[in-house]
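Beneath this line is the structure, given in structure tokens, with notes to follow.
No lab work stands behind these numbers, since they all come straight from the coordinates. It should be emphasised that the depicted structure is a prediction, and the values quoted were computed from it without experimental measurement. Counting neighbours? That spans all protein chains shown, and the Cβs are built from the backbone with ideal geometry, glycine included.
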Amino acid sequence: MTVGRRELLAASLVVPFASAAAQSAWTRPAGLAPDASIALWPKGHLEPPPGLVEQVVQRSDDPDASDRMLQGITRPRLDIFRPARPNGAAVILAPGGGYRYVVIDKEGYELARWLSARGVTVYVLFYRLPGDGWTNGADVPLSDAQRAVRLVRSRAKIDGIDPARVAFGGFSAGGQVATSLLTRFDATVYDAVDPVDALSARPDVSAGFYPVVSMDPAIAHAVSREKLIGTNPDAAREALYSPERNVRADMPPLFLLHAEDDSVVKIDNSLRLHEATRRIGVSCEAHYFAEGEHGFGILKAAGLPVAIWPELLWNWLAARKMV
């Protein structure tokens, strides 16, 4: 089932977003809104940088295809899409946005609705951005990703999921979040705040969709690199935040998707990570398509061979006994 274009009707052009109350006030068409939203961190744990205000900005002028982004994130959270008949699988999605914002519809809600229609409980992750002034900014996306996996596992009974079937996937810069979690799921990037943090942050499987991966300036997405590690990082910092240089035998199986004509995030990001996994014998299924450019999601893939990608993902999840 593919999400219909008319289900993606936009909300208002710019909506201030600073609280749960503001979130509930969004005007969303039926079929688009998540079923619930939960904060990643306990109330009062995070102190946003001074002057940081969340905003939802509509980037599309097509009334039938919403393309919103969330910027200035102060309340990292999971938006939950619950299926009518849960199959026990959970998928956490980290949308892209070049570490400047987080896309809402195209790389979040679209696939969330597609998967939830098939029985998967989906959590769309709105993670903090490294250039927004947070302490230890380079680690806040990974901190939020680790916390998301732990929090989802802690909610297994509440949400009717199997804590041993938790997948994590990311698009574009969200792919950098996903592949960082792939290799640094047990890195100490924040202090434990409650019993949730005793749970494992290792996903059972992981996926990168046209992902930003490497911080090597020869292939890196320049904006994501600058936002994450600055303009003049030393060699050690560049290596630490390059997942292809940190692969390990105990990392989860990986699914990769990329278009060869991607002019924004070079396919070399996926190719290098794929080769690195092959060298150490970690399972990686990769699908490369001649056309698709960058950021195709589901709707923009229509009419191209790459449009089959959600089914390829589904078959891979099934083969891994995730769905």
Q.
With just the Cα atoms defining each centre, how far is the stretch 225-276 from the stretch 126-150? Give it in Å.
A. 17 Å
Q) How much length is gained on full extension from residue 82 to residue 198, taking 0.36 nm per residue of separation minus their Cα-Cα distance? A) 39.2 nm
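At 0.36 nm per residue, and after removing the present C-alpha to C-alpha distance, how many nm does the segment from residue 290 to residue 158 gain when stretched out fully?
Numbers: separation 132, 0.36 × 132 = 47.52 nm, distance 4.25 nm.
Net length gain for the segment: 43.3 nm.
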Q.
Sequence gap of 8 or more, or different chains, plus Cα separation below 28 Å: how many lysine pairs satisfy both in the chain?
A. 10
Q: Sticking with the crude label model, points 7 Å out along Cα→Cβ, report the distance from residue 118 to residue 318 in nm, one decimal please.
A: 0.8 nm
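Using helices alone, I'd like the mean residue ellipticity at 222 nm for the chain: each DSSP H run of four-plus residues gives -39500 (n - 2.57), total over residue count, nearest 500.
Values: 9 runs with 81 residues, N = 323.
So the calculated ellipticity at 222 nm is -7000 deg cm²/dmol.
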Q: Among DSSP beta bridges whose residues both lie in the chain, state the antiparallel percentage, nearest 5.
A: 45 percent
Q. What residue among 46, 129, 299 has the largest mean-square fluctuation in a Gaussian network model of the chain, using Cα springs under 10 Å?
A. 46
Q. Normalised by the residues of the chain, what does the relative contact order come to in percent, with Cα pairs under 8 Å and at least six apart?
A. 14 percent
Q) Which percent of Cα pairs goes in each bin when the distances of the chain are cut into 20 angstrom slices starting at zero? A) 35, 61, 3
Q) GNM, the chain, Cα, under 10 Å: largest mean-square fluctuation among 190, 127, 241? A) 190
Q. Given +1 on the Cβ of Lys and Arg, -1 on the Cβ of Asp and Glu, and no further charges, what dipole in debye does the stretch 73-319 carry about its Cα centre, rounded to the nearest 20?
A. 660 debye
Q: Please find, in a Gaussian network model of the chain (springs between Cα atoms separated by less than 10 Å), the residue of 90, 117, 167 whose mean-square fluctuation is greatest.
A: 117
